[in-house]
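One structure is given below, encoded as structure tokens.
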Amino acid sequence: LKYVVTQNVDALHQRSGLPRSKLAVLHGCIFEERCEACGALYLRETDVGTISFQPTGRYCTRVGEAAGSAACGGVLRDTLLDWEDPLPEAELTEAERHCERADLILALGTSLRIEPAGSLPCRHRRGGGYVIVNLQRTPKDSKAKLIVRAPVDRVMAALMREVMGLELERGAAGARWVATGTGGAATGGAATGGAMPEASSLIAGAGGAPASAPVAEDDGGPSPGSGGRDAYIAALVSSAFAAWRPPKPESSASDRRCEPPPHPGLGATALSVSQSTPGKPMYPPLVR
């Protein structure tokens, strides 16, 4: 993982331990305030209380590196965007740069409808393009290399377990990742192009590069097989990634555009992995 771009304003990414330098918070955060003089950023335990870059009533306490330096004393302002506010230029620039250089982009739990953030996955210039994990259809589905319609927490837990051999263990002291000794199975399958046997029936086009994005769908209904829903999702995700092939970098600018179908509608095949059909509506209409 090289970089995270978020539209969330709840500071969960900041509190996760991810370095702030590896995170672009495009819509601001209700717990952050920034000094208008020196740019120092403060993460608070409570809502800073304002919106749209207004003074919060506090002042910067940052002290310079030189001995005897006084505190900055600059006015602190919130970072939370209102609807008409521009995105933070520095963080947007970094987000665009990382998306252009990424080997693979994961779009997790987002409708990809709010711009310009929604089009960031389309800025890929190399590697495997982007993968969407979202229960709803999005306007960017038609250009995705893989679509997984299942809860993000279960999908990522499956990937951590199958690819990295880590399981989330919760206890009185909090949660931590612990080694399971089972990692690498999904990676091996993806490298050889083979699907996991228990989910092979869910794959369309697993024998070669799909003409369009394979779609893995989970409708929340009864789990096939005897392993339970989590085991089923793990098998489904592993099989879907095994069917996916990273494309060669495209040189044509027109090939990199992300444009939705002209007349969106709704169509779904539950609990299956299937090829999207060119021209077929892939997402519900936008409600304004």
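In region 14-31, the residues that are in contact (Cβ under 8 Å) with a residue 60 or more places away in the chain form Cβ pairs under 6 Å with partners that are open to solvent by less than 30 Å² (accessible area, probe 1.4 Å) and part of a loop (DSSP other than H, G, I, E, B), at six or more places apart or across chains, as follows: 27/81; 28/79; 28/80; 28/81.
Does region 65-80 contain at least one residue that is surrounded by fewer than 17 Cβ atoms within 10 Å (Cβ to Cβ), in contact with a Gly (Cβ under 8 Å, 6 or more places away or on another chain) and free of Cβ contacts under 8 Å to residues at least 24 places away in the same chain? Yes, region 65-80 has at least one match. Of all residues in region 66-112, those satisfying the criterion of being of a type in the set (Asp, Glu) and either closer than 29 Å to residue 47 by Cα or at pLDDT 95 or above (or both) are 78, 82, 84, 85, 89, 91, 94, 96.
All conditions but one from (1) open to solvent by less than 70 Å² (accessible area, probe 1.4 Å); (2) more than 24 Å from residue 150 (Cα to Cα); (3) at pLDDT 95 or above apply to residue 120; the one that does not is (2). Given the criteria without any contact (Cβ under 8 Å) to a residue 60 or more places away in the chain, over 19 Å from residue 24 (Cα atoms) and not small (Gly, Ala, Ser), does residue 148 qualify? The answer is no for residue 148. When 158, 190 are screened for being more than 28 Å from residue 21 (Cβ to Cβ), modelled with pLDDT under 85, open to solvent by less than 60 Å² (accessible area, probe 1.4 Å) and touching a Leu at 6+ places or on another chain (Cβ under 9 Å), only 158 passes.
Looking at (1) open to solvent by less than 70 Å² (accessible area, probe 1.4 Å); (2) in contact (Cβ under 8 Å) with a residue 24 or more places away in the chain, which is the one condition that is false for residue 2? Here residue 2 meets the rest and fails (1). Just a yes or no: is a residue in region 46-58 open to solvent by 40 Å² or more (accessible area, probe 1.4 Å), closer than 15 Å to residue 94 by Cβ and not hydroxyl-bearing (Ser, Thr, Tyr)? Taking every residue of region 46-58 in turn, none turns out to be open to solvent by 40 Å² or more (accessible area, probe 1.4 Å), closer than 15 Å to residue 94 by Cβ and not hydroxyl-bearing (Ser, Thr, Tyr). Scanning region 12-36 for residues that are modelled with pLDDT under 95 and assigned to a loop (DSSP other than H, G, I, E, B) gives 16, 17, 18, 19.
As a summary of the residue check, residue 58 satisfies the conditions (1) at pLDDT 95 or above; (2) within 28 Å of residue 119 (Cα to Cα); (3) not acidic (Asp, Glu) except for the one numbered (2).
Residue-wise test of (1) surrounded by fewer than 17 Cβ atoms within 10 Å (Cβ to Cβ); (2) under 26 Å from residue 81 (Cβ atoms).
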{"site": "92", "(1), (2)": "no, yes"}
{"site": "102", "(1), (2)": "no, yes"}
{"site": "129", "(1), (2)": "no, no"}
{"site": "142", "(1), (2)": "no, no"}
{"site": "177", "(1), (2)": "yes, no"}
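Residues in region 105-117 that are more than 11 Å from the chain's Cα centre (by Cα) and over 13 Å from residue 4 (Cβ atoms) were compared, and the one that is most open to solvent (accessible area, probe 1.4 Å) is 115.
The values are calculated or read from the model by the stated rules, or taken from the named source; none is laboratory data. This one's a predicted model, so the numbers in the text were calculated from it and none came from an experiment. Every residue, glycine as well, gets a Cβ built from its backbone with ideal geometry; the counts of neighbours run over all protein chains shown. Accessible surface areas use protein heavy atoms only, side chains included; no ligands, DNA or RNA. Shrake-Rupley method; radii C 1.70, N 1.55, O 1.52, S 1.80 Å.
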